[in-house]
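Here is the structure we will look at.
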Amino acid sequence: MCKPSHLRKLCPKNLGKLLLLILFYCLTPQLANAIVTLPKLVADSMILQRNINIPIWGKASVGEVVTVTFKGASYTVTTPSTGKWMLNLAPSAAGGPYSMTIAGTSNTITINQILIGDVYICSGQSNMQYTFSYGNTSNVYAAEIASSTNTKIRQFRISFGSNAVPQDEVPGAPYGWQSAKPTAMKHFSTTGYFFAKSLYDKYQIPIGIITSTFSGSIIEAWISHEGLINFPNLYNQPQGGTPSSPSAIYNALLSPLRNCGFKAFVWYQGESNITNATEYRSLFPAFIADVRSKFNKPNLPILYVQLANWNAASELQQESNIAALREAQAMANSISFTGMAVAHDVNQNGDIHPLWKKPIGNRLSLAAQNIVNGETNVVYEGPSYLSHTVVGNKIVITFKNVGTGLDTVGNVLRQFTIAGADKVYKIATATLIGTNKVEISSSTIANPVYARYAWADNPRSANLYGSTGLPAESFRTGQTTVTPPSLYTATPFAAGNLVVTRYGNGSTLPATGTTIPVYLEEFNTSGVSQTASRLMPSVAGNYNAGITNLTVGTHSFGVESLLSLSENKKYLAFAANNLEVGVPVNASGSKTIAILTADGALNTATSANLGVARTATVNDDLSRIYYNSQTQGISYVPYGTSGANVVLAAGENAYRGLGIYNGQLYASTTVVAANGSIPAVSKQVAKVGTGMPTSGTQTLTALPGITTTEIVRQFVFLSTANNTNYDLFYGVTESGKLIKYKLISGNWVDRGSVNIANVVSITGKWNTNGTTQLYCTTLNTSTYASTLVKVEDFPATSATLATNAVTVIATAAANTYFKGVAFAPENSDATELPMNVTSFNGANDTQGVKLKWETTKEQNGDSFEIMRSTDGVEFKSIGSVKAVGNATDKHYYTFTDFNPAEGINYY
């Protein structure tokens, strides 16, 4: 039995070689009947999530019909070309036990003892991993272990694992779905069990926990590659499979769970990130966003544990990385549908792994009852800092979430410290005032400025609680306000749309010398804004826009934040943004050069180190990036690097637009006087050297006929033959004109201009009806009025620009304005081959597997490369067959694989 499926891809070789990947499986005699298989998670004793469409999934032969029968109903699905099937069962209330059958043509699987209830993924590092067998835990909780028998509390424990690529199956599950009982407690997560037991005691329905942990893991390894897009130093690392590699643990331990139905995600991690607590402020929200994205649950509840106390107990500690990490965790509690369990009071020794996990599990359960199950009367938060005032030599701190009032354990309030302007902290005398205030002071500090509570690695003596018995959160005052980072979301571009850089979010008018949010806004060619409005990232040390010298004619207004699309339309270049938040454009920032692709992916691994990158362009194979340096001139840097910058044409503030056309680098310039060894630069549009140079001092060769009296801010070449023989030139000038030139007998002939006040940027395209469509942005630097306009030139081959209409198709919203414009990047590799494959067949014979295929048209073909895979994903070449080359009639080809692998072979 053979079933074909075809995938065509144009091989990027100059010889015009065709690469035809043909997916094909032939069943060898040893496995004549392929079977339905299930993931380890779908197994006996599993607990399924109640009240949702219940996903069941697995693998089978392509085209195999799989039937699932459950609770008297049958569901069928046909296995698609991926070999991976999935279907949804009808929602069901809590109950069980039930049985389920999954049947294909060759086998039937029966799953027994299924319960329906609530399922939680419990993840993190060792404090979520450790079981009742750790240390003295079995003695501390001997009574709880002895009474643990409950078939309605079950755990699915996943083995450690890491991988360079996302996986579909967990690395191991040695105990399957296991019910709680004394002999099983050595396998149960202590935190997870107490969380589950508390919920079971409250609701009396089955509770399942999927424990997916990795001891000693860092959060960077738990975030998918896509989720790290705002962290270039992580996103642009080669993807490795070691546990410390970015995304490696996500790939192995979370990716296989993406199809799973569950209620909430429980997280206990952070110990391995205490040395980068500041970065954790951004990494943890990115992790939350990534989990919600990957599981396609935008409001997925995330319940997490704030780090417990460990190391030597201390009442006064000037600096604490652990406390700083707790602070970063607390910041994430402002994200919707998150709940934090405070744990700095649970550990009774200095071990990093507190044995006393029951309070942690119970506090997580309270958060689940409120946030997940909607019982808003359940209190799950203890007191937390609200505000403070300085009154003489005292500081009065106001708390929120106090219940009916603050309370203490013991007569003396502990763990409050106080400092003056020098930030040298002293132990404070603390007194409760009313229901929600604490007054602190120290006899050694006459003019207090700062206050802290429980700010230590191990603030074991912290004893401030709310009326329900939940501990107060640790805090410190006097922190610089931290602006939440702008997190970039990769959203695919639509081919043919326009991309515009938009400054500001509308809240306040962007002002000179400030840093503001910058968006890549997408419009169709009628000026209708599309749903995709991409906020460029603003993580400190990464990427953020600023404005200085916002005046017509100055360099920063002229070209910062302009866009440039590669000639093959695959790569969009974007420059002139700050390296650090708050740094003006013309200072030390603006060194990052971003490259975006059609799928919305953003790469910020390329940096200018020769002054500030004001605008940039990229070549078709993504190997070369050219940028205008504010201080140095036209410079070259290899893609993805920062240390190999080369000045090709010197001149401070001398250059405006850049572009690559037909393998030649072009630039537009202004007038700059000679300065020492740097030569003078005059107004022109010129070739920069020959081709795309990467070294040496390059000569500018002015294009004959194009204006030398105007400063061309940006330009575009087009072809009336719709190829790379460019014979039309359009540019926008700093005097407010759209200019046109036509190439005639080697000279560029002036074909008029149109006035466009305050024009900033240009892009355009040639249509086969003979019309050129041009799109420009405008910005009035006095009123900040900004528009996107359209100009049509017809017939472009002969017309002169003069009275052409300038049509406003979009206007920037209040307190925002536009800068650059370009067409959206496209997946230009997705090109239909110049050939037709009309059939593809395969069969076993005495020599191996014989493949046959037929074509009815071929053009410029070199050969067919035959590739084989045993999993349908990773293919290896096993030979080639010479192609006819060019033909319009039928041709037949054969190839024999003399050494097929056992089992299923994909060709």
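For every residue, the table says whether it meets (1) outside the structural domain of Cys260 (by TED's automatic domain parsing); (2) of a type outside the set (Lys, Arg); (3) assigned to a loop (DSSP other than H, G, I, E, B); (4) surrounded by fewer than 22 Cβ atoms within 10 Å (Cβ to Cβ).
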position	(1), (2), (3), (4)
Ile111	yes, yes, no, yes
Ala143	no, yes, no, yes
Lys186	no, no, yes, yes
Tyr193	no, yes, no, no
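What are the pairs with Cβ atoms under 8 angstrom where one residue, in the range 676-696, is assigned by TED's automatic domain parsing to the domain that holds Ile634 and within 25 Å of Val732 (Cβ to Cβ) and the other, located anywhere, is in a strand (DSSP E or B) and among the basic types (Lys, Arg)? Sequence gap at least six, or different chains.
Met692/Arg624
Which numbered condition in (1) under 41 Å from the mean Cα position of the chain (by Cα); (2) more than 26 Å from Ser61 (Cα to Cα); (3) surrounded by fewer than 17 Cβ atoms within 10 Å (Cβ to Cβ) is the only one that Thr870 fails?
Only one criterion in (1) under 41 Å from the mean Cα position of the chain (by Cα); (2) more than 26 Å from Ser61 (Cα to Cα); (3) surrounded by fewer than 17 Cβ atoms within 10 Å (Cβ to Cβ) is unmet by Thr870, namely (2).
Can you tell me which residue among Ser74, Ser45, Ser81 is free of Cβ contacts under 8 Å to residues at least 12 places away in the same chain and either outside any loop (DSSP other than H, G, I, E, B) or outside the structural domain of Ala180 (by TED's automatic domain parsing) (or both)?
Going through Ser74, Ser45, Ser81 in turn, just one is free of Cβ contacts under 8 Å to residues at least 12 places away in the same chain and either outside any loop (DSSP other than H, G, I, E, B) or outside the structural domain of Ala180 (by TED's automatic domain parsing) (or both): Ser74.
Exactly one condition in (1) more than 22 Å from Ala312 (Cβ to Cβ); (2) assigned by TED's automatic domain parsing to the domain that holds Met185 is false for Leu355; which is it?
It fails just one condition, (1).
Considering every residue within the range 663-672, establish whether at least one is in contact (Cβ under 8 Å) with a residue 60 or more places away in the chain, in contact with a Lys or Arg (Cβ under 7 Å, 6 or more places away or on another chain) and over 22 Å from Ser635 (Cβ atoms).
For the range 663-672, residues in contact (Cβ under 8 Å) with a residue 60 or more places away in the chain, in contact with a Lys or Arg (Cβ under 7 Å, 6 or more places away or on another chain) and over 22 Å from Ser635 (Cβ atoms): absent.
Residue under question is Ser212, and the condition is that it be assigned by TED's automatic domain parsing to the domain that holds Ile288, touching a strand residue (DSSP E or B) at 6+ places or on another chain (Cβ under 8 Å) and closer than 27 Å to Asn273 by Cα; does it hold?
yes
So, in the range 631-684, of the ones that are in contact with a His (Cβ under 9 Å, 6 or more places away or on another chain) and among the hydroxyl-bearing types (Ser, Thr, Tyr), which residue ends up nearest to Pro704 (Cα to Cα)?
Among those residues, the one meeting the criterion is Thr670.
Table: residues versus (1) closer than 19 Å to Gly469 by Cα; (2) assigned to a strand (DSSP E or B).
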residue: Asn370; (1), (2): yes, no
residue: Val379; (1), (2): yes, no
residue: Gly382; (1), (2): yes, no
residue: Tyr385; (1), (2): yes, yes
residue: Ile395; (1), (2): no, yes
residue: Gly405; (1), (2): yes, no
residue: Asn411; (1), (2): yes, no
residue: Thr417; (1), (2): no, yes
residue: Asn447; (1), (2): no, no
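Quick one: in the range 329-351, which of the residues that are farther than 15 Å from Pro459 by Cβ and at pLDDT below 95 is surrounded by the most Cβ atoms within 10 Å (Cβ to Cβ)?
Ala332
Condition test on Thr435, is it part of a loop (DSSP other than H, G, I, E, B) and out of contact with any helix residue (DSSP H, G or I) (no Cβ under 9 Å at 6 or more places or on another chain)?
Yes; evaluated as a whole, the condition is true for this residue.
Being of a type in the set (Lys, Arg) and under 22 Å from Phe284 (Cβ atoms) is the filter here; which residues of the range 332-366 pass it?
Lys357, Arg363 - these are the residues of the range 332-366 that are of a type in the set (Lys, Arg) and under 22 Å from Phe284 (Cβ atoms).
Quick test for you: out of Leu23, Leu87, Leu115, pick the one residue that is out of contact with any Pro (no Cβ under 6 Å at 6 or more places or on another chain), among the aliphatic types (A, V, I, L, M) and either assigned to a loop (DSSP other than H, G, I, E, B) or at pLDDT 95 or above (or both).
Leu87
Is one or more of the residues making up the range 243-250 farther than 28 Å from Tyr380 by Cβ, buried (at least 22 other Cβ atoms within 10 Å of the Cβ) and touching a Gly at 6+ places or on another chain (Cβ under 6 Å)?
Looking for residues that are farther than 28 Å from Tyr380 by Cβ, buried (at least 22 other Cβ atoms within 10 Å of the Cβ) and touching a Gly at 6+ places or on another chain (Cβ under 6 Å), one finds at least one in the range 243-250, hence yes.
Is the range 742-754 home to any residue that is farther than 29 Å from Ser526 by Cβ, out of contact with any strand residue (DSSP E or B) (no Cβ under 6 Å at 6 or more places or on another chain), without any contact (Cβ under 8 Å) to a residue 12 or more places away in the chain and part of a loop (DSSP other than H, G, I, E, B)?
Looking for residues that are farther than 29 Å from Ser526 by Cβ, out of contact with any strand residue (DSSP E or B) (no Cβ under 6 Å at 6 or more places or on another chain), without any contact (Cβ under 8 Å) to a residue 12 or more places away in the chain and part of a loop (DSSP other than H, G, I, E, B), one finds at least one in the range 742-754, hence yes.
If you scan the range 615-625, which residues turn out to be touching a residue at least 40 places away in the same chain (Cβ under 8 Å) and either of a type in the set (S, T, N, Q) or part of a strand (DSSP E or B) (or both)?
Thr615, Ala616, Thr617, Val618, Asn619, Arg624, Ile625
Does the range 118-138 include one or more residues that are closer than 19 Å to Ser179 by Cβ and more than 39 Å from the chain's Cα centre (by Cα)?
Yes; the residues of the range 118-138 include at least one that is closer than 19 Å to Ser179 by Cβ and more than 39 Å from the chain's Cα centre (by Cα).
Please verify whether the range 448-467 includes one or more residues that are buried (at least 20 other Cβ atoms within 10 Å of the Cβ), at negative phi and of a type in the set (Val, Ile, Thr).
no
Just to be sure before I move on: is Phe214 touching a Leu at 6+ places or on another chain (Cβ under 8 Å), closer than 20 Å to Ala252 by Cβ and either among the hydrophobic types (A, V, I, L, M, F, W, C) or in contact (Cβ under 8 Å) with a residue 12 or more places away in the chain (or both) in the structure I sent?
Judged against the criteria, Phe214 is a match.
In the range 462-500, which residues are of a type in the set (Val, Ile, Thr), under 28 Å from the mean Cα position of the chain (by Cα) and at pLDDT 90 or above?
Matches in the range 462-500: Val499, Val500.
Considering only the range 384-393, state which residues are surrounded by fewer than 18 Cβ atoms within 10 Å (Cβ to Cβ) and more than 19 Å from Ala332 (Cα to Cα).
Thr389, Val390, Val391, Gly392, Asn393
Find the residue count for the range 374-385, including only residues that are free of Cβ contacts under 8 Å to residues at least 40 places away in the same chain and at negative phi.
Qualifying residue count for the region: 4.
I'm checking my understanding of the structure. Among residues of the range 663-693 that are assigned to a loop (DSSP other than H, G, I, E, B) and touching a Leu at 6+ places or on another chain (Cβ under 8 Å), which one is surrounded by the fewest Cβ atoms within 10 Å (Cβ to Cβ)?
For the range 663-693, the residue satisfying everything is Gly691.
In a loop (DSSP other than H, G, I, E, B), over 22 Å from Ala312 (Cβ atoms) and over 39 Å from the mean Cα position of the chain (by Cα): is that true of Ser443 in this structure?
Considered against the rule, which asks whether it is in a loop (DSSP other than H, G, I, E, B), over 22 Å from Ala312 (Cβ atoms) and over 39 Å from the mean Cα position of the chain (by Cα), Ser443 comes out as yes.
The values are calculated or read from the model by the stated rules, or taken from the named source; none is laboratory data. Nothing here was measured: the structure is a model prediction, and the numbers come from that model. No Cβ is skipped: glycine too gets one built from the backbone with ideal geometry, and neighbour counts run over all protein chains shown.
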